[in-house]
Amino acid sequence: MPSSGVLGVDVEGTPVTGESDAASSEERLLLARLRRGDPEAFEALVRAHQDRLYDFCVRMLGDREEANDLVQDIFVSAHQHLAKFREDSRLSTWLFRIGKNHCINRLKYLNRRGRGRSEEYGEQNEGALAELLGSPPGPDAALESAREQARVQWAISQLDPEPRMLVALRDIEGLSYEEIVDITELPLGTVKSRLHRAREKLADLLGRLEE
């Protein structure tokens, strides 16, 4: 039976072989078009990956506007450095690697400007984060869901950048350990041990909110 992370998602999912092979073939064709400078190919790349990259950046930065700007920067970097892509990983993995670097650099910049993580969770944070996560007003169940998402995002924001990144990549984006190793350039054992500690801290933070 697949195991789940703190956020209750399947963390052991494996793609069906046929689907994976088809995706790889489509990606090779897309990459060939990108290398020829096909503008429609680049538009297809953006459409295929912008939503997941945006979600990752939101989790890392906790700010929708910052995340939106950063996603644009990520694709600009990808376009500029396409010739350096060695094809030793999937395009999505390469894009997340670029996104990881951009997010960490942006977090350093924001921390220098005193816009780092909030130390307390309260009604103000709850309202801001519920808005951040785009949850519409509605019945009690929808409101509670928005509050829970806000609590989770707040707890994630309390983690240091690296564990925050690991939780976002594994438990929210559902990437494989192999992909995370490629993105972070950390050994597999290090990824697993640091992710375990990050989940423990996240669970502790969420537990405190219930007290």
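Descriptive notes on the structure:
- Hey, Leu159 modelled with pLDDT under 50, surrounded by 15 or more Cβ atoms within 10 Å (Cβ to Cβ) and within 19 Å of Gly207 (Cβ to Cβ) or not: no
- Taking the criterion of being farther than 20 Å from Gly174 by Cβ and among the charged types (D, E, K, R), the residues of region 48-96 that qualify are Asp63, Arg64, Glu65, Glu66, Asp69, Asp73, Lys84, Arg86, Glu87, Asp88.
- Residue that is modelled with pLDDT of 95 or more, in a helix (DSSP H, G or I) and touching a helix residue (DSSP H, G or I) at 6+ places or on another chain (Cβ under 7 Å), where the choices are Val71, Val76: Val71
- Flag for Arg194 being open to solvent by 10 Å² or more (accessible area, probe 1.4 Å) and within 19 Å of Met60 (Cβ to Cβ): yes
- Residue in region 85-97 that is at pLDDT 95 or above and in contact with a His (Cβ under 6 Å, 6 or more places away or on another chain) present: yes
- Odd one out for Thr14 among (1) modelled with pLDDT under 85; (2) β-branched (Val, Ile, Thr); (3) assigned to a helix (DSSP H, G or I): (3)
- Residues that are more than 12 Å from the chain's Cα centre (by Cα) and of a type in the set (Gly, Ala, Ser), drawn from region 153-172: Ala155, Ser157
The values are calculated or read from the model by the stated rules, or taken from the named source; none is laboratory data. In this text, all values refer to a predicted model and were calculated from it rather than measured experimentally. Reconstructed Cβ throughout: ideal geometry from the backbone, glycine too, with neighbour counts over all protein chains shown. Side chains are part of the model used for accessible areas, which takes the heavy atoms of the whole protein and leaves out ligands, DNA and RNA. Shrake-Rupley method; radii C 1.70, N 1.55, O 1.52, S 1.80 Å.
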